[in-house]
Amino acid sequence: MLKKVAMLVPQIKRLIDERNTLQSKLSSVAQVEKGSPFFNYASTFDAIAVMKRYAVDDLQPSADHVTNYLGVKIAPRFFPGILDGKAGTVEPIPIPANWHADIAEWAAALRSVDIAEGTFRAVELGCGWGCWLNNAGAAARSRGLEIELIGIEGDAEHVEFANEAMVSNGFRPDQFRIIHGVAAPHRGTALFPVVENAGASWGSEPLLNASDLQIREAMATGQYQMLPALSLDQITNGEPIDLLHIDIQGGEADYIDAAIKDLNRYVQYIVIGTHSRQIEGRLMSTLLSHGWKLEIERPAIIVLVDGKPHISVDGVQGWRSPLTRGKRID
């Protein structure tokens, strides 16, 4: 008996060592997650509780999609190199973040669903594959709200992605509209770059108010297309908006400054992806001066290169209108 025990000692020691190594690794992972910059947000509401409230239990995988925690399906080809080989998987709740967004952005978008009444109308400027239309729309649908989802996007292939995603996620044709165009403070035209691999390119910027010479030169290269530039009241036909999501690659402060009258008139909640600290300051200055309330914010994450700040991860701001269906917020 003692001989058998003695023979087991090396195996027991190896198992103990493996356990200790695993515990050390898990502890390191926990410390990294605990120290994640994505926990460095400020909020006037319980952001994580809002995220958890819309989590769907017992999600079933889709063979052709990645399914997120809200039950939204994403085709992996939308994000080659990021979602390759992940079809048929179900993602956990993204705390503090996943491949696409962090606590601040998820919570801000879902906050707009929390405060909506009757009909939930969302507008996504630069909608890509319709990420926030699908996510907020799925959450609003779970609340039993009527739904109207409107996206505007300059890249033709992204427009196809968005239409496909809306159908894949069960939204009826009368519940969504994807516009091939560019959001602008005023009606006009815009130059928009043509890209070869839309799934790998999500940061194209439009050129507004181009001169005749700029238009001729750009169109001669074959690398640009002319698109309609639409104001907010044109995009929504003058209807109120519960969620306006803005991610327009550095043009957000200029847009907010120029469109503030429409924002004050139509919009209940704004979620903005920010692309510099300067932009964040300008947004705060403009919106605070018009009575908007900043409910959640995570600053852009920067790295320093040769003494200059470079954006590593976009920032997020969630703003609530001083008016709710025509009534002041207390």
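The values are calculated or read from the model by the stated rules, or taken from the named source; none is laboratory data. Because the structure is predicted, anything quoted here is derived from the model rather than measured. Counting neighbours? That spans all protein chains shown, and the Cβs are built from the backbone with ideal geometry, glycine included.
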- Report whether or not residue 303 is within 21 Å of residue 122 (Cα to Cα), part of a strand (DSSP E or B) and touching a strand residue (DSSP E or B) at 6+ places or on another chain (Cβ under 7 Å). no
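Give the residue, chosen from 96, 61, that is farther than 30 Å from residue 312 by Cα and modelled with pLDDT of 95 or more.
On the way: 96 fails: farther than 30 Å from residue 312 by Cα.
After applying the criteria, what remains is 61.
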- In the set 86, 52, which member is more than 15 Å from the chain's Cα centre (by Cα), part of a helix (DSSP H, G or I) and of a type outside the set (Phe, Trp, Tyr)? 52
- Of (1) in contact with a helix residue (DSSP H, G or I) (Cβ under 8 Å, 6 or more places away or on another chain); (2) buried (at least 24 other Cβ atoms within 10 Å of the Cβ), residue 100 satisfies all except one. Which? (2)
- Query: Looking at residue 303, is it in contact (Cβ under 8 Å) with a residue 24 or more places away in the chain and either surrounded by 14 or more Cβ atoms within 10 Å (Cβ to Cβ) or closer than 23 Å to residue 40 by Cα (or both)?
  - Reply: no
- Query: How many residues are modelled with pLDDT of 95 or more, within 29 Å of residue 76 (Cβ to Cβ) and assigned to a loop (DSSP other than H, G, I, E, B) if we restrict to the range 100-117?
  - Reply: 1
- Item | Scan of the range 151-163 for residues that are surrounded by fewer than 21 Cβ atoms within 10 Å (Cβ to Cβ) and under 28 Å from residue 114 (Cβ atoms), ordered by number | 163
- Task: Identify the single condition in (1) at pLDDT below 95; (2) surrounded by 15 or more Cβ atoms within 10 Å (Cβ to Cβ) that residue 239 does not satisfy, given that it satisfies every other one.
- Result: (2)
- Flagged pairs (Cβ under 9 angstrom, 6 or more apart or on separate chains; first in the range 39-65, on the phi > 0 side of the Ramachandran plot; second surrounded by 13 or more Cβ atoms within 10 Å (Cβ to Cβ) and of a type in the set (A, V, I, L, M, F, W, C)) are none
